[in-house]
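Trainee: Quick one: this structure, given as structure tokens, is what I'll be asking you about.
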Amino acid sequence: MLGRVFQPLCFEVPMATNLPTDLLRSFVAIVDAGSMLRATERIFLSQSALSLQMRRLEKIVRVPLFHRHGRKLTLTPAGQHLLHQARQILDLNDRILTSLAGEPLSGAVHIGLVQDFAETLLSGALGVFAAAHPEAQLQVKVADSQNLMDALRDHHLDVVLSILPDGEEAALRRVPAVWIGEPELAGQEILPLALLEMPCLFRATALRALEAAGRRFRIVVETPSLSGLRAAVQTGLGITCRTNLFAEAASAPVIPKDLLPPLPHVSYALHTVENPTAPAKRIADLIRTALNEENI
């Protein structure tokens, strides 16, 4: 009698799902503050960026965390359960960082950020520092790169993260500028543009590229804020020029390269004052790590 041939059983091991601490920190901040609007005063994110983070968190945990009644938010049972666990995770995270950092840092740190980073990229880095070093005072200035660099030279800022033309010596990372918006707008005879007010590197980059290609355009939306620019792009009013970081935050499509003139790269640049304090050095290190790890 022929013996049976047994095939080994193969089990697929599911990949572990990680809960990002920046999302948990924002979640707890919203609950503690009582609303997304008040939470923006505690963490360095806009209300729209917070809303995007909560959608990401609910997608990860696969259950609704809030009951939404207009602008009022209340926790679902799952949200109540996560809140308790999130506080434990963040407390452990912060205690680990404090133990590794040695002596707590104190004193004021003056940080300058362009809007792109203030609203999206660095909430985690700044939150980690604030939790690990509660005796330090973070003072954040959000402005365009030129004003931030002037403030750094005048010693009004300790650390500056800016976006500069490609090729700068202080470049921490090079990224491509891209056209963002509804692709069908690119086919219009006169291209509708949504841009930040001057001075703005991306504004100058977009206009230079269009003028060099002989492409006709008109500025249909001009705004001082990144949130206003996002709204203009999301509603299809115009096309803008930023990086993939903006496109992701705005949930807006990147226009195919062959539809509009090519754009150059830009540089993310990190600057510190001469002989920075220990807290300023630590902030600069966290920013550098955040930029290197972010998929942008």
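The values are calculated or read from the model by the stated rules, or taken from the named source; none is laboratory data. Source: prediction; values computed, not measured. Heads up, the Cβs are rebuilt from the backbone with ideal geometry, glycines too, and the neighbour counts pull from every protein chain shown.
Trainee: Go through segment 208-237 and give me each residue that's at positive phi and surrounded by 14 or more Cβ atoms within 10 Å (Cβ to Cβ).
Mentor: Across segment 208-237, the qualifying residue is only Gly236.
Trainee: Also, quick follow-up: Listed residues Leu9, Leu52; which is among the aliphatic types (A, V, I, L, M) and either in contact with a Ser or Thr (Cβ under 6 Å, 6 or more places away or on another chain) or modelled with pLDDT of 85 or more (or both)?
Mentor: Being among the aliphatic types (A, V, I, L, M) and either in contact with a Ser or Thr (Cβ under 6 Å, 6 or more places away or on another chain) or modelled with pLDDT of 85 or more (or both) holds for just one of Leu9, Leu52, which is Leu52.
Trainee: Still on this model: When Leu207 is evaluated against the numbered criteria (1) modelled with pLDDT under 85; (2) in contact with a Phe, Trp or Tyr (Cβ under 9 Å, 6 or more places away or on another chain); (3) not assigned by TED's automatic domain parsing to the domain that holds Asp116, which criterion, by number, is the only one it fails?
Mentor: Failed condition: (1).
Trainee: Do we have Ala170 as at pLDDT 90 or above and of a type in the set (Gly, Ala, Ser) here?
Mentor: The answer is no for Ala170.
Trainee: Next up: Among (1) surrounded by 17 or more Cβ atoms within 10 Å (Cβ to Cβ); (2) out of contact with any strand residue (DSSP E or B) (no Cβ under 8 Å at 6 or more places or on another chain); (3) in the same structural domain as Val114 (by TED's automatic domain parsing), there is one condition Ala249 misses while meeting the rest; what is its number?
Mentor: Failing condition for Ala249: (3).
Trainee: Go through segment 174-276 and tell me which helices (runs of 4 or more DSSP H), entirely inside it, have 1 or more residues that are of a type in the set (A, V, I, L, M) and touching a Cys at 6+ places or on another chain (Cβ under 8 Å).
Mentor: In segment 174-276, 201-213 are the helices (runs of 4 or more DSSP H) which contain 1 or more residues that are of a type in the set (A, V, I, L, M) and touching a Cys at 6+ places or on another chain (Cβ under 8 Å).
Trainee: Please verify whether Leu157 is surrounded by 16 or more Cβ atoms within 10 Å (Cβ to Cβ) and touching a His at 6+ places or on another chain (Cβ under 6 Å), treating the condition exactly as stated.
Mentor: yes
Trainee: If you scan segment 153-173, which residues turn out to be under 23 Å from Leu207 (Cβ atoms) and not in a strand (DSSP E or B)?
Mentor: If the condition is that a residue be under 23 Å from Leu207 (Cβ atoms) and not in a strand (DSSP E or B), then Asp166, Gly167, Glu168 are the ones that fit.
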